[in-house]
Amino acid sequence: MKNLTLLVLAAGMGSRYGGLKQIDPVGPNGETIIDYSIYDAQRAGFNKLVFVIRRDIEKQFREVVGARFENKIAVEYIFQALDKLPVGFSPPPNRTKPWGTGQAILMAEEKIREPFAAINADDFYGANSFRALAEHLRSDEKNYAMVGFTLRNTLSEFGSVARGVCKSNRENFLESVTEIIGIEKSGNGAQFKNENGAIQKLSGNEIVSMNLWGFHPTLFSSLRELFTKFLKKHGNEEKSEFYIPFAVNELVATNRARVKVLPTTSPWFGVTYREDRPLVVEGIRNLISRGDYPQRLWV
């Protein structure tokens with residue numbers, strides 16, 4: 001069976017949540033959201049694990065999260081840092097954060113030689129999502145993939161969120177991802193303010209990216225080139241970020257990659273805000289009650 005790697009992006013600051021939400025327990029026996037993602041990924045056939053973290057959380061992260069898996073699956077750690085840049089570039093003096101999910105994935109280039117999934121550490125994607133992605137990565141050695149969720153099911157009750165709203169063609173290949181910030185619930189749909197401050201409505205049925213991607217190692221050379229291009233334009237800015245949807249958009253628009261959109265029936269849970277946590281705990285409890293997960297993940 002083809003080797004598959006799960007790349008977990010866990011270097012986020014958790015600024016809106018108010019802490020290291022990646023290691024906050026949500027399961028009945030102290031399991032984190034990462035635990036459930038890795039459990040589902042292993043069941044789908046992923047057999048290697050790479051964590052992208054920050055150096056300053058390494059000790060705590062290894063003790064609380066990494067130690068759970070090191071006797072179950074091959075585990076590697078890599079570090080996303082502000083100054084890990086292509087030759088000839090350096091961060092501006094007042095910048096404090098790394099450069100976003102695109103840079104985080106690029107950091108894994110030396111560790112990954114096989115098809116891989118890239119996920120957020122603080123999103124619960126569900127078993128069906130990982131099965132669909134694993135099947136695609138095993139069967140399609142050319143095209144990338146993105147698991148698509150319904151916007152309505154990804155909103156928070158406690159504040160606005162940013163989502164990558166997707167447009168795809170009749171064959172379910174991605175045409176574009178538009179990153180929209182400040183999306184809030186509005187009745188059965190959603191709304192946001194555009195760049196002119198005007199309210200724009202969304203139906204709630206839109207397919208969105210929650211950063212559950214399937215890639216091949218061919219991505220890295222393209223990503224390195226696009227990151228260099230990004231730095232030439234935005235490298236002196238204190239808050240600009242190189243998001244993976246931006247990179248994918250560029251590759252799709254220039255016909256350098258095709259991305260299959262894989263719709264999922266799995267539930268999605270996320271902890272954008274601390275107030276979201278009880279809803280995640282309840283959702284996982286319900287999935288355990290119906291038999292989707294055991295009471296204790298790791299025996």
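Listed here are the residues, each with its yes/no results for (1) closer than 18 Å to Leu151 by Cβ; (2) out of contact with any strand residue (DSSP E or B) (no Cβ under 6 Å at 6 or more places or on another chain); (3) at pLDDT below 95; (4) of a type in the set (Asp, Glu).
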| site | (1), (2), (3), (4) |
| --- | --- |
| Asn211 | yes, no, yes, no |
| His216 | no, yes, no, no |
| Gly235 | no, yes, yes, no |
| Glu241 | no, yes, yes, yes |
| Ile244 | no, yes, yes, no |
| Lys260 | no, no, no, no |
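The residue list Pro92, Pro98 contains one member that is of a type outside the set (S, T, N, Q), part of a loop (DSSP other than H, G, I, E, B) and over 20 Å from the mean Cα position of the chain (by Cα), which is Pro92.
Can you tell me which residues in the range 251-261 are surrounded by fewer than 17 Cβ atoms within 10 Å (Cβ to Cβ) and either among the aliphatic types (A, V, I, L, M) or farther than 19 Å from Ala117 by Cβ (or both)?
Ala253, Thr254, Asn255, Arg256, listed by residue number.
Filtered by the rule that a residue be of a type in the set (A, V, I, L, M) and either touching a Pro at 6+ places or on another chain (Cβ under 6 Å) or modelled with pLDDT under 90 (or both), the range 43-73 gives Ile57, Val64, Val65, Ala67.
Quick one: is Ser156 hydroxyl-bearing (Ser, Thr, Tyr) and touching a strand residue (DSSP E or B) at 6+ places or on another chain (Cβ under 7 Å)?
Against the criterion (hydroxyl-bearing (Ser, Thr, Tyr) and touching a strand residue (DSSP E or B) at 6+ places or on another chain (Cβ under 7 Å)), Ser156 does not qualify.
Filtering Gly197, Gly189 for residues that are free of Cβ contacts under 8 Å to residues at least 12 places away in the same chain and farther than 25 Å from Ala121 by Cα leaves a single hit, Gly197.
Restricting attention to the range 157-173, the residues being in a loop (DSSP other than H, G, I, E, B) and either under 21 Å from Ile199 (Cα atoms) or in contact (Cβ under 8 Å) with a residue 24 or more places away in the chain (or both) number 5. Please verify whether Ala104 is assigned to a strand (DSSP E or B), under 12 Å from Ile244 (Cβ atoms) and modelled with pLDDT of 95 or more, treating the condition exactly as stated. No. Residues in the range 245-280 that are part of a loop (DSSP other than H, G, I, E, B) and either among the β-branched types (Val, Ile, Thr) or over 18 Å from the mean Cα position of the chain (by Cα) (or both): Thr254, Asn255, Arg256, Ala257, Arg258, Thr264, Thr265, Val271, Thr272.
Of everything in the range 281-299 that is under 25 Å from the mean Cα position of the chain (by Cα) and among the hydrophobic types (A, V, I, L, M, F, W, C), the residue that is surrounded by the fewest Cβ atoms within 10 Å (Cβ to Cβ) is Trp298. Give the range 219-254 a look and list any residue that's acidic (Asp, Glu) and either farther than 13 Å from Trp99 by Cβ or free of Cβ contacts under 8 Å to residues at least 40 places away in the same chain (or both), or say none. The answer is Glu225, Glu250. Applying the selection to the range 76-89, what residues are surrounded by 11 or more Cβ atoms within 10 Å (Cβ to Cβ) and either among the hydrophobic types (A, V, I, L, M, F, W, C) or free of Cβ contacts under 8 Å to residues at least 24 places away in the same chain (or both)? Selection gives Ile78, Phe79, Ala81, Leu82, Lys84, Leu85, Phe89. Whether any residue in the range 184-196 is under 30 Å from Asn143 (Cα atoms) and surrounded by 14 or more Cβ atoms within 10 Å (Cβ to Cβ) is what I want to check. No, because not a single residue in the range 184-196 is under 30 Å from Asn143 (Cα atoms) and surrounded by 14 or more Cβ atoms within 10 Å (Cβ to Cβ).
Yes or no: Lys142 farther than 23 Å from Tyr273 by Cα and surrounded by fewer than 16 Cβ atoms within 10 Å (Cβ to Cβ)?
Details: farther than 23 Å from Tyr273 by Cα: yes; surrounded by fewer than 16 Cβ atoms within 10 Å (Cβ to Cβ): yes.
Answer is yes for this residue.
Within the range 42-55, one or more residues are farther than 29 Å from Ser289 by Cβ and assigned to a helix (DSSP H, G or I).
The values are calculated or read from the model by the stated rules, or taken from the named source; none is laboratory data. Just so it is clear, the model here is predicted, and its values are computed rather than measured. Cβ coordinates were reconstructed from backbone atoms using ideal geometry, including for glycine residues, and neighbour counts include every protein chain displayed.
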